[in-house]
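The values are calculated or read from the model by the stated rules, or taken from the named source; none is laboratory data. Everything numeric in this text was worked out from a predicted model, so none of it was measured. Positions of Cβ are generated from backbone atoms using ideal geometry, with glycine treated the same way; all protein chains shown enter the neighbour counts.
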Amino acid sequence: MTDGPAARAAALRAELRQHDYRYYVLNDPSVPDAEYDRLMRALRALEAAHPELITPDSPTQRVAGAPSEAFGEVVHRIPMLSLDNAFSAEDVAAFDRRIHERLGVEGELDYVAEPKLDGLAISVIYRDGALEQAATRGDGVTGEDVTANVRTVRRVPHRLSGRAPSLLEARGEVFMPLKGFERMNARARERGEKVFVNPRNAAAGSLRQLDPAITAARPLDAFFYGLGVLEGEPLPDGQARLLERLRALGLPVSPDVRRVRGVAGCLEYYRDIGALRGALPYQIDGVVYKVNSRADQERLGFVSRAPRWAIAHKFPAEEAVTVVRGIEFNVGRTGALTPIARLEPVFVGGVTVSNVTLHNIDEVHHKDVRVGDTVIVRRAGDVIPELVSVVLEKRPMNPRRPSEPASPEVQLPASCPVCGSRVLRAEGEAVARCTGGFTCRAQRQEALRHFASRRALDIEGLGDKVVEQLVEHELVRSPADLYALTTEQLAGLERMGEKSAANLVAAIGASRETTLPRLLYGLGIPDVGEATALALARHFGTLEALMAADEAQIQQVEDVGPVVAAEVAAFFASKDHRNVIKVLRDKGVRWPDMPKAPGEAATGTLAGKTFVLTGTLATMTREEAAEALAARGAKVAGSVSKKTSYVVAGSEAGSKLARARELGVRVLDEDELRALLRG
């Protein structure tokens, strides 16, 4: 043995211990899970190659964490172990193969597959059916007594249902549902308080409050999935029966548990849960497979820190570490300046991320992001890249003044980076805007892209590159100018031949026949999305009536508040906007009035019903579906509530589908929607 492996092992152990302390004790991790897993795999590989380096206190030999001195200690009668990880289908196959070899059996085995919750592991003890004690996992042997706090978690019963055993120790996870997490952080921002980085930290921090009243005010939930001690009744013969028994006793169990067969069944479950991940009401970072048979579990036994009969199959990393190479400001169609961090490209959540929005200058200052910083990046909901936090320990410092950062704090530009116009930020608003209007090339480009988008006027072939050239060559200054373009003008653009130009002219011509909701959405009125555009069109019936309305009248539209009403009134008070609408009419753009006049009661086969649309429909656009529903008297809303009658879910449905399930709102697929429309 050389000093090299020993020194490397010692360094890895020290780094992992520091990460464990920050994650489990401070609830303030400095690296994403993927980086921690990478370090753990490196240490395991090193110890496997040099067994003499293994120490009893190595992170590979025990469960991470330490009990806080602020809470009483609880010694677990049976240690609370963690799980080994699988990162690929090959790892799962190897896990299955090891089990077959140890059991000496052939054929496919039964497993129980469960979502791997991203929360805080707990143990709860019920004596004669009454909740006696609750504890965190801690270091696996000794945890923290959090009984008073767990009693405030509404889904954890104070007394078990039915005929309870004389002693039951159930094990599970306390977590924070995503909706509750978002609401809690929103309220904290309003009060100027610290916000939590993610739901896991929020759950851990909430459960480990010294004042149970604070815990009670936090939206915590729990699922149970394991057993420590059971006295007074026989042990269930397998994991599936155990979950049934826990559920019968009134303990919450994940509804997404499934009994599967063999490796193929495990991997099918992994794919299914992965597809649903963005719609689940709670955060998960993988799935867990457990051998179903208790007899087989007992034969397989444990290694030092994990059972041999279970494994966690983790999803591709949602978080990764990278470096900020620059911070720029993009200008949107309403003039809003959005800071964008240009990153050293990093692979996270299945894609390569090189840019991430920082939303507004307050967000930049709150997170203190600077050029050259090492940062943690997450793909929120598997879709939108998000900069989570700065790793301050790795911030470059000024070589001449070591106590100062090398890069200065990012400041809001005084003038637009595109047109040079003055940048203004209204008092009380987070967003700063360029004052250049349509004289700003960036605003014109974004406004034209929006006007031509599929959910607005739907002009096929008018892509980003064409829009950029039209603006650059001063061929189009407003959406109305699109209807004066000729084939000759378009054919002169780069990569645009005669045929493509003719097709685009035809597509622009076809867009002259539109609807009032599409037009209102396409005009780009601030804060007016598809649902609001439809609500305005249905309420006023005609564009003339809407243009003549004042703020108070606009605010009478359902789901339109004072901010949106002010934006709509200001938009139509503008002479420039009124002139654009006049030219659109002059160029032949037509839209029928909505069938429902102002103040008239809704009629039709679906009158009185409220629908919410989510996901992608196969045979119609969401706009077409909304218009068809409105024509039959239904209301189409933008969010799900207890008043929602139906949620129509297409492919890739997101959080609205999860909210519908949570509230028990009936969910329709596309065939059921079409049947309703026919009826």
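Here are the numbers for the structure shown:
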{"quantity": "Candidate set: the range 629-679, residues that are of a type in the set (A, V, I, L, M), under 18 Å from GLY278 (Cα atoms) and without any contact (Cβ under 8 Å) to a residue 40 or more places away in the chain; chosen: the one surrounded by the fewest Cβ atoms within 10 Å (Cβ to Cβ)", "calculated": "LEU663"}
{"quantity": "Subset of the range 148-160 (residues that are crowded, with 18+ Cβ neighbours inside 10 Å and either part of a helix (DSSP H, G or I) or over 31 Å from the mean Cα position of the chain (by Cα) (or both))", "calculated": "ASN149, VAL150, LEU160"}
{"quantity": "Number of positions in the range 225-251 that are in contact (Cβ under 8 Å) with a residue 60 or more places away in the chain, in contact with a Lys or Arg (Cβ under 7 Å, 6 or more places away or on another chain), of a type in the set (A, V, I, L, M, F, W, C) and crowded, with 16+ Cβ neighbours inside 10 Å", "calculated": "1"}
{"quantity": "Any hit, the range 131-145, residues being at pLDDT 95 or above and of a type in the set (Ser, Thr, Tyr)", "calculated": "no"}
{"quantity": "The range 93-131, subset more than 30 Å from ASP145 (Cβ to Cβ) and acidic (Asp, Glu), residue surrounded by the most Cβ atoms within 10 Å (Cβ to Cβ)", "calculated": "ASP96"}
{"quantity": "Condition broken by ASP57, with the remaining ones in (1) assigned to a loop (DSSP other than H, G, I, E, B); (2) of a type outside the set (S, T, N, Q); (3) at pLDDT 85 or above satisfied", "calculated": "(3)"}
{"quantity": "Qualifying residue in the range 615-624 (condition: closer than 24 Å to LEU520 by Cβ and acidic (Asp, Glu))", "calculated": "yes"}
{"quantity": "Matching option when the condition is surrounded by 12 or more Cβ atoms within 10 Å (Cβ to Cβ) and touching a helix residue (DSSP H, G or I) at 6+ places or on another chain (Cβ under 7 Å), among VAL410, VAL423", "calculated": "VAL410"}
{"quantity": "Within the range 544-570, considering residues that are buried (at least 20 other Cβ atoms within 10 Å of the Cβ) and closer than 14 Å to LEU519 by Cβ, the one farthest from the chain's Cα centre (by Cα)", "calculated": "LEU546"}
{"quantity": "Members of the range 432-458 that are crowded, with 19+ Cβ neighbours inside 10 Å, hydrophobic (A, V, I, L, M, F, W, C) and part of a helix (DSSP H, G or I)", "calculated": "ALA442, ALA447, LEU448, PHE451, ALA452"}
{"quantity": "Enumeration of residues in the range 33-52 that are aliphatic (A, V, I, L, M) and either farther than 16 Å from ASP84 by Cβ or within 28 Å of the chain's Cα centre (by Cα) (or both)", "calculated": "ALA34, LEU39, MET40, LEU46, ALA49"}
{"quantity": "Unmet criterion (only one of (1) in the same structural domain as LYS465 (by TED's automatic domain parsing); (2) closer than 18 Å to VAL589 by Cα; (3) in contact with a helix residue (DSSP H, G or I) (Cβ under 7 Å, 6 or more places away or on another chain)) for MET496", "calculated": "(2)"}
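Matching residues to (1) surrounded by 15 or more Cβ atoms within 10 Å (Cβ to Cβ); (2) more than 17 Å from PHE196 (Cα to Cα); (3) of a type in the set (Asp, Glu):
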site	(1), (2), (3)
SER389	yes, no, no
GLU393	no, yes, yes
PRO405	yes, yes, no
ALA430	no, yes, no
